[in-house]
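Structure first, commentary second.
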């Protein structure tokens, strides 16, 4: 095409009016009288004008469904280009050298090594002489018929214009605006000023000068293209238009947008709609339908039967994501090259218009179930984010570049956490990977900055009027939020009538839940009311298996992660996973472990009932059935017996199981939902049928939340791990969606219990006991028979209301089994109901797995030793029974009003049948209500008496008197030996706090002491035996060597055994009574011929004589030691363990063992002495497990929820 051009560049000799045009070029434009434009201009000016040529470069990657229509649209231009070149960056080796290959009237140029659209254009320029203008098109950008003419008209009278971009509209929706030029925010965020789904009504047609335009359909002056070096190959298919236009602006040229030139853009690369077809033959085949159709008009859409429709990749990429290993070498054409990277795409492709923000979430699709998908922008997020960071590093001032890089590194984890909270784990990973790749491409950033600096002729400040401001960023975000809300309201939200019905359902549901919570709070006040006053004044719950819980957040953290158990003389071994779970509860309790323990026990009824209500909601939408399930779960024996015995782990596990069910059901999208009557009938015969919503989508957030709840249950009761894993495997086989998310359910349990599980595996088969053990269990108890376990009892129950005489006693003896029997009967009924048969069978599978778990645990050696119980298996069993019972009781049309046909059938029944059905339903309701209420009433009547709940009491009294607590405090950290003369035996405990501590309890240590006591423990047994026998002159010295600073005889009755023990201890040399006039008696341990106080760490000479007490805190020493005689050493009141490490001024000391206790050879030197316990796997477990749990917590946060299906 020819036009008047002011540029002095003449890239091709002028053609005489009578000369024939070159082959493949368009005929010259003619006037109405037959004369050409050249003739007219020559007659007026007296000189021939410079010939302006336009070459259309269409970049593709093999066969795509969009290429035929794009080529047809190019041929249909009113002012066609002089030449059309199709550059295939995905050509096969067999055709890459066939440069003479033509696609009808378009030339084919293979460019297998091109890494960007710029290198693809350079390949086209290298194949033929450069034209005046380059019209760059993607295979998925079809121009309207007048697009090129409008672009040329906009640039022909201005030599300063170097880039002219078109208005971009949607491919499938030609009325929807995508882009009319754009600007960027101060941080490089694209700002188009166009709302999502905005209709083109000419409202943006006043735009002319812009900061940048997209390259799809852009007209670029070849001279400027060559001068600035084309596009940056580092950017790949995203951000190249912004970078090119910025450098063109800095070179002193104009960038304009021409709203009259329209290009329909599919954004296939952005939305992940491309396939994998490659090769020149593929391109020819794709062009063939367009040629056969004679050049169809632009405006259609690729049909579903087109080759590769909806599956082709962005040209130059290896799949939906643009990152991948490099397979092509660097291109030899083009002004600049870049070495391939394993983390970068090494093939070219057309750039794709990005959304206005790099982290824009995909808009909700309006396509129906029978329409092809519109794609997902998540597929290109990593490449877009990497390009955005690269552009930021290239465009900032040199002095700000280090700060920009540092900000990107520090901000990437924050953005990743935000994406996780928005339930986009793939985007979170892409965020981190994109940042790593962008920061690591130092050479590419330096090369791009040099290129921009070389071609710049104006200052950066010249771009300020065209750049976006923070105010525009805020306005853009506000407008997008409003647009999304309006889109949801008009396309997906329920109508006013439907919303009113759903609101009525919600009101009834919330009212019922309020009643349930009031009942549960009343039950809590009934049971724990007498304790609340003492607890409010700083008291604590003790008794049964419930240990004292002194300590704060730091103490819990150290006990849970140190790999060392401080009980007695210390021992190597992992802490109970239970302590890891208690850590967040301690944080929520204000840093007090005791408050957290008391709150968990007191709030058990509310948490368990509320969880059962929510879990029942995934099975039935009936508020009455959900309320029944909540009360029923609280009335079951495992919860009552656990509270009465102070077995907090069993109580927590029972309360957590319903939350696990809720998470798993929602994770696979199998929950029940509310349904309302359709406003607009779908068919005449079902006008009153309820609207069936779309199948609920699987929820990553629910899976993560369910996994965290399961981690709590498994940490409290490790025996639940294997049954849970087995049942999750069954769920994965049964469901049709959400299988992958089930990994998130089991993962937290494995992470939290990792050290415990590794220890159990390393000590197999003895480690089997650890998998069924329960933390802090008080001792062995007789187990029930299997049939009693099936009815919910781990031990033989006591009669209701303690009735034992006559017929009433017989009934009361069998009454405890009524609740379990009711559940079994209802669960059997569920098997014969046709609805939800698969779910019912799975509920019975849970019952069988729970029963097997309970029976096996009760028969294990761990149960005999008193460290395991059948209660967790019974809780799992009852969970299945309650679920099956709900399936038996739920209506056929659960969650929706009955259809008219059902109402007509009900009216057609006889009065007698209706009356009989009503009486039967009433009797069932009466039984279902009376039995749970009776069970709760009977338990409360039997358990609460004389200010106790079972074995639990609330007290504010100290176990260890203040003088003993002073010994236990830093810097001494001495131990108090507590004696218990009862049952003809003398029991003892080495106390580091006010009584036996929860933080010092470990199943591993208890199991080890039952099978193989350590030498240090054997020594402690011998010392206590010597005290019981009346003592000797060496007893005080032996106690001091064990770090015992005092002997305690707790308060008790004045029995003969106690009085005799006090008399004997008063006569032991080295024991000085420290208390008088108190029921609890404390003796201070004094060293013979030494004033050195007994402490945890002692400095001794070569003969073992104590020289000084070393200050210690948290079972570690960090103190200055003076120089002294040779042969000195440090003795610890700890069991010998090679993990104890001591250094003197950084020099590691030699460990020694004395009577099974840990020591170190110090020598005569002085300096800074540091002693600590070092578990080598502590840091990897904390870092790895912490990251996993952080990801799951972010996923579980109730934000970024996916709304329901379409209206």
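For segment 1087-1120, a residue qualifies if it is surrounded by fewer than 20 Cβ atoms within 10 Å (Cβ to Cβ), modelled with pLDDT of 90 or more and within 29 Å of residue 1063 (Cβ to Cβ), and the qualifying residues are 1092, 1093.
Determine whether segment 223-230 contains at least one residue that is under 44 Å from the mean Cα position of the chain (by Cα) and either touching a residue at least 60 places away in the same chain (Cβ under 8 Å) or farther than 14 Å from residue 164 by Cα (or both).
First, the residues of segment 223-230 that are under 44 Å from the mean Cα position of the chain (by Cα): 229-230.
With the extra rule that they be either touching a residue at least 60 places away in the same chain (Cβ under 8 Å) or farther than 14 Å from residue 164 by Cα (or both), the set shrinks to 229-230.
Yes; the residues of segment 223-230 include at least one that is under 44 Å from the mean Cα position of the chain (by Cα) and either touching a residue at least 60 places away in the same chain (Cβ under 8 Å) or farther than 14 Å from residue 164 by Cα (or both).
When you check residue 217 against the structure, is it under 15 Å from residue 117 (Cβ atoms) and in contact with a strand residue (DSSP E or B) (Cβ under 6 Å, 6 or more places away or on another chain), yes or no?
It is true that residue 217 is under 15 Å from residue 117 (Cβ atoms) and in contact with a strand residue (DSSP E or B) (Cβ under 6 Å, 6 or more places away or on another chain).
A single member of 1082, 1094 is in a loop (DSSP other than H, G, I, E, B) and closer than 23 Å to residue 566 by Cα, and it is 1094.
Give the number of residues within segment 1125-1141 that are more than 18 Å from residue 569 (Cα to Cα) and in contact with a strand residue (DSSP E or B) (Cβ under 7 Å, 6 or more places away or on another chain).
As a first pass, look at segment 1125-1141 and keep what is more than 18 Å from residue 569 (Cα to Cα): 1125-1129.
Narrowing further to those that are in contact with a strand residue (DSSP E or B) (Cβ under 7 Å, 6 or more places away or on another chain): 1128-1129.
Residues meeting the conditions: 2.
Among the candidates 914, 890, single out the residue that is modelled with pLDDT under 85 and either out of contact with any strand residue (DSSP E or B) (no Cβ under 9 Å at 6 or more places or on another chain) or not assigned by TED's automatic domain parsing to the domain that holds residue 846 (or both). On inspection, the qualifying residue turns out to be 914. Of all residues in segment 67-81, those satisfying the criterion of being modelled with pLDDT of 90 or more and either assigned to a loop (DSSP other than H, G, I, E, B) or crowded, with 24+ Cβ neighbours inside 10 Å (or both) are 69, 70, 71, 73, 74, 76, 77, 78, 79, 80, 81. Any residue at all in segment 548-564 that's over 34 Å from the mean Cα position of the chain (by Cα), crowded, with 17+ Cβ neighbours inside 10 Å and not in a helix (DSSP H, G or I)? Yes, segment 548-564 contains at least one residue that is over 34 Å from the mean Cα position of the chain (by Cα), crowded, with 17+ Cβ neighbours inside 10 Å and not in a helix (DSSP H, G or I). If you go through segment 510-543 and pick out every residue that is assigned to a helix (DSSP H, G or I) and either closer than 24 Å to residue 648 by Cβ or at pLDDT below 90 (or both), you end up with 20.
Matching residues to (1) surrounded by 14 or more Cβ atoms within 10 Å (Cβ to Cβ); (2) outside the structural domain of residue 1020 (by TED's automatic domain parsing); (3) within 35 Å of the chain's Cα centre (by Cα):
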{"site": "1122", "(1), (2), (3)": "no, yes, no"}
{"site": "1134", "(1), (2), (3)": "yes, yes, no"}
{"site": "1157", "(1), (2), (3)": "yes, yes, no"}
{"site": "1163", "(1), (2), (3)": "yes, yes, no"}
{"site": "1187", "(1), (2), (3)": "no, yes, yes"}
{"site": "1195", "(1), (2), (3)": "yes, yes, yes"}
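Exactly one residue out of 786, 775 is surrounded by fewer than 16 Cβ atoms within 10 Å (Cβ to Cβ), under 29 Å from residue 1011 (Cβ atoms) and either touching a helix residue (DSSP H, G or I) at 6+ places or on another chain (Cβ under 6 Å) or touching a residue at least 24 places away in the same chain (Cβ under 8 Å) (or both): that is 786.
Evaluation of residue 178 against the conditions (1) crowded, with 22+ Cβ neighbours inside 10 Å; (2) farther than 30 Å from residue 389 by Cα; (3) within 41 Å of the chain's Cα centre (by Cα) shows that the sole unmet condition is (2).
Can you report the number of residues in segment 929-946 which are at pLDDT 90 or above and crowded, with 18+ Cβ neighbours inside 10 Å? Residues meeting the conditions: 6. Those helices (runs of 4 or more DSSP H) of segment 737-835 in which at least 3 residues are assigned by TED's automatic domain parsing to the domain that holds residue 889 and over 25 Å from residue 646 (Cα atoms), considering only elements entirely within it, cover 742-752, 754-762, 806-814, 818-830. Under the condition of being at pLDDT 90 or above and in a loop (DSSP other than H, G, I, E, B), the residues counted in segment 354-410 number 2. Residues in segment 231-255 that are part of a strand (DSSP E or B) and either crowded, with 24+ Cβ neighbours inside 10 Å or free of Cβ contacts under 8 Å to residues at least 60 places away in the same chain (or both): 255 only.
Residues of segment 665-685 include at least one that is over 19 Å from residue 835 (Cβ atoms), modelled with pLDDT of 85 or more and not in a loop (DSSP other than H, G, I, E, B).
Against the definition (assigned by TED's automatic domain parsing to the domain that holds residue 760, in a helix (DSSP H, G or I), under 27 Å from the mean Cα position of the chain (by Cα) and under 21 Å from residue 506 (Cα atoms)), how does residue 578 come out, yes or no? Working first, answer last.
On the way: assigned by TED's automatic domain parsing to the domain that holds residue 760: yes; in a helix (DSSP H, G or I): yes; under 27 Å from the mean Cα position of the chain (by Cα): yes; under 21 Å from residue 506 (Cα atoms): no.
Considered against the rule, which asks whether it is assigned by TED's automatic domain parsing to the domain that holds residue 760, in a helix (DSSP H, G or I), under 27 Å from the mean Cα position of the chain (by Cα) and under 21 Å from residue 506 (Cα atoms), residue 578 comes out as no.
Here segment 38-66 is the region considered, the condition is being in a loop (DSSP other than H, G, I, E, B) and under 25 Å from residue 172 (Cα atoms), and the residue that is modelled with the highest pLDDT is 66. Against the conditions (1) more than 27 Å from residue 57 (Cα to Cα); (2) at pLDDT below 90, residue 202 satisfies every one except (2).
For (1) closer than 16 Å to residue 59 by Cβ; (2) modelled with pLDDT of 90 or more; (3) within 46 Å of the chain's Cα centre (by Cα), each residue gets a yes or a no:
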{"position": "115", "(1), (2), (3)": "yes, no, yes"}
{"position": "136", "(1), (2), (3)": "yes, yes, yes"}
{"position": "142", "(1), (2), (3)": "yes, yes, yes"}
{"position": "145", "(1), (2), (3)": "no, yes, no"}
{"position": "154", "(1), (2), (3)": "no, yes, no"}
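The values are calculated or read from the model by the stated rules, or taken from the named source; none is laboratory data. Model, not experiment: these values are computed from the prediction. Virtual Cβ from ideal backbone geometry, glycine too; neighbours counted across all protein chains shown.
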